[in-house]
Amino acid sequence: MSLTPTKTKRDPALFGVGFAAFLLLGLIQAAYGPAFSDFEQRFGVTTAAVAGVSSAHFLGSALGPLVLGALLTRLPLRAAVMIGSALFALGLLGLSLAPIWPLMLLAALLTGLGFGFLSGGFNSAFATLGAGPASLINAMFGIGSVAAPLLALGFGAYPGPFMLLALLALGLTFALRSVRSWPAQPAELALSKVSPRRVGLFGLLFFSYVGIEAGLGSWATTHLAAIGNPHPEAVTSLFWLALTAGRLGFAAFAARLPFFRVVLVCAALALLGGLLITVPTLAVAGYLVVGLGISPIFSTLLTWFTSLNPVRAAPLMLTAGSLGGAVFSALIGVLVARFGVQAVPLTVVADALLLGALVLWVRREVGGKR
């Protein structure tokens, strides 16, 4: 059995490659947008068609954790993550060199698949170390996203950043061999059966949480521009910076806080922030409250899940979150078209209430000291 656990150690090499991996994931996720106009010119595709490269990437990133979860029943975590890193590097190389648009879409799908492997693998590993380390690694993703525009300034929007990331991803693949000790769960938990009920309950939590993050993050600029904010893009960046800063700060004291209380307080802050956003003069403050408020949720949920379930099931939570982001972003689009931009904060308010109700339900169902 490939998942038989060993004694868990905090290998510095694991932190090094984990932080590097999440910086790369943040960089590539934010690198597509600046390159869209170059894609149009190089491949002769329309503005509508060019978005297909992002869609292919996100499809791959949603499939990646599912494939990873299946592989973890047969392979050690390091081997599975190395496969994902190699796929990620190959996909980035394809994005850099593809001569025709269909191959670009295929390369984006492959990049997304590797992205899903790395995200699922490292999130699963760090969640077994606790909410603090899990929060730190996800903060690295935010730092990468913020830094991505600097790559476009320094190397041009395309293909320079993609080639650089391909080389770095190839280096990451070899660097993974330096990790001698991967985190492992206690034997009785790692080898236990996966409970479909618990997977479903926690899946709803992830679905709801990512709906807030992705839904608000996707529609923030549109909402802010519509209510007359003079700097909608800057405020949107502040939202993501608040999310990243919150994750860095939370890592310092995460170990001392009960899981369900963290998520419940975060849901309350998201509710408060959503209500503030409905008032145009308080909207900026509302975005900051939501960003800071929800920052601990992902790492806390993942750590809570892996404290009760085999880590091989953790990648399913990432897929549930991806679905939540896709569904809520699309739902907000429909509601905005029908009722106007106030649908953006009101959807956040409704989703925060849903998240709060779900965490109380899950707490009652799973019990436990935390």
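Please treat every number below as a calculation from the coordinates, not as lab data. All values reported here derive from a predicted model rather than from experimental measurement. Here the Cβ positions follow ideal geometry from the backbone for every residue, glycine too, while neighbour counts run over all protein chains shown.
Structure above, values below:
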read-out	value
Whole-angstrom Cα spans of region 1-136 along principal axes, big to small	55, 28, 21
Spin-label model distance (nm) - L331 vs A357, 7 Å beyond Cα toward Cβ	1.1 nm
Gain upon complete extension [I100, E40; 0.36 nm per residue less C-alpha separation]	20.4 nm
Cα gyration tensor shape for region 7-79, rounded if a/c is under 1.5, else prolate or oblate	oblate
Gain on full stretching of the segment that runs from A51 to F339 - 0.36 nm per residue minus C-alpha separation	101.1 nm
Theoretical ellipticity at 222 nm over the chain - DSSP helices of four or more residues, -39500 (n - 2.57) apiece, nearest 500	-26500 deg cm²/dmol
J(HN,Hα) series, region 33-46, from Karplus relation 6.51 cos²θ - 1.76 cosθ + 1.60, nearest Hz, glycine and proline x	x, x, 8, 4, 5, 5, 4, 4, 5, 6, 9, x, 9, 7
Simple spin-label estimate for F15 and L248 in nanometres, 7 Å along Cα-Cβ	1.6 nm
Full-extension gain in nm, R197 to E233, via 0.36 nm per residue minus C-alpha separation	8.9 nm
Most positive-pole-ward Cα, T300, V341, G325, against dipole of region 284-370 from beta carbon charges	T300
F155 paired with T278, simple spin-label distance in nm, labels 7 Å along Cα-to-beta-carbon	4.5 nm
Alpha-carbon centroids, region 254-269 and region 296-322: separation in whole Å	15 Å
Mean Cβ count within 10 Å, highest first, over the residues of peptides 114-121, 347-354	114-121, 347-354
Shape call, region 244-347: gyration tensor on alpha carbons, a/c limit 1.5	oblate
Gyration tensor verdict on the chain (Cα atoms; rounded if a/c is under 1.5, prolate if a/b is larger than b/c, oblate otherwise)	oblate
HN-Hα J in Hz across region 320-334 - Karplus 6.51, -1.76, 1.60, θ = phi - 60°, x for Gly and Pro	4, x, 4, 5, x, x, 5, 5, 5, 4, 5, 4, 4, x, 5
L66/L264 FRET efficiency (R0 30 Å; Cβ-Cβ; nearest 0.05)	0.55
Fewest-first sequence of E365, E213, E40 by Cβ atoms within 10 Å of each Cβ	E365, E40, E213
